[in-house]
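Trainee: Handing you this structure, nothing more for now.
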Amino acid sequence: MNAIETTIEGTLQPDGSLLLDSKPNLPPGRVTVVLRQESNAPPPQEDWWQHLQRIRAEREASGYPFMNDEEVQAHIDWLREGDYIDELLKKADKQGKSAPS
């Protein structure tokens, strides 16, 4: 005999009876009921700083490669360097200011 199985949520009443959220799609007859209590407590909420600290700790524990002080400074210096587009914009700005109105 093949077992037919379905999962339905419900509420356990104080008298021990069950109030099901929907009617089971099973033929009449004997059944086995397994009860598992749902957690009513919401998961703990963390603010953005706690979230960042947790992620950092998880990444450090997993060996994530973070930049050291020298690498951070080199990146900041690179960001501050001018490039071809910056030079063109400066040149266009100077030309725009020197044009007659």
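The values are calculated or read from the model by the stated rules, or taken from the named source; none is laboratory data. Computed from a prediction, not measured in an experiment: that's the story for all the values here. Cβ placement follows ideal geometry from the backbone for every residue including glycine, while neighbour counts extend to all protein chains displayed.
Trainee: What do you reckon, is LEU26 surrounded by 10 or more Cβ atoms within 10 Å (Cβ to Cβ) and within 21 Å of GLY10 (Cβ to Cβ)?
Mentor: Details: surrounded by 10 or more Cβ atoms within 10 Å (Cβ to Cβ): yes; within 21 Å of GLY10 (Cβ to Cβ): yes.
So LEU26 fits the description; yes.
Trainee: For region 78-97, which positions are small (Gly, Ala, Ser) and loosely packed, with under 10 Cβ neighbours inside 10 Å? Walk me through it before giving the result.
Mentor: Keep residues of region 78-97 that are small (Gly, Ala, Ser), which gives 82, 92, 96.
Correct list: GLY82, GLY96.
Trainee: Then there's this: Looking at region 17-29, which of its residues are assigned to a loop (DSSP other than H, G, I, E, B) and either of a type outside the set (Lys, Arg) or in contact (Cβ under 8 Å) with a residue 40 or more places away in the chain (or both)? If you could, list the steps in order and put the result at the bottom.
Mentor: Here is the first cut: in region 17-29, the residues assigned to a loop (DSSP other than H, G, I, E, B) are 17, 21-29.
Passing the criteria: SER17, ASP21, SER22, PRO24, ASN25, LEU26, PRO27, PRO28, GLY29.
This table checks each residue for (1) outside any loop (DSSP other than H, G, I, E, B); (2) surrounded by 10 or more Cβ atoms within 10 Å (Cβ to Cβ).
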residue	(1), (2)
ILE8	no, yes
ASP15	no, no
VAL34	no, no
ILE55	yes, yes
GLU71	yes, yes
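Trainee: Here is a list of conditions, (1) modelled with pLDDT of 90 or more; (2) under 35 Å from the mean Cα position of the chain (by Cα), and ASP15 meets all of them except one; can you say which number that is?
Mentor: (2)
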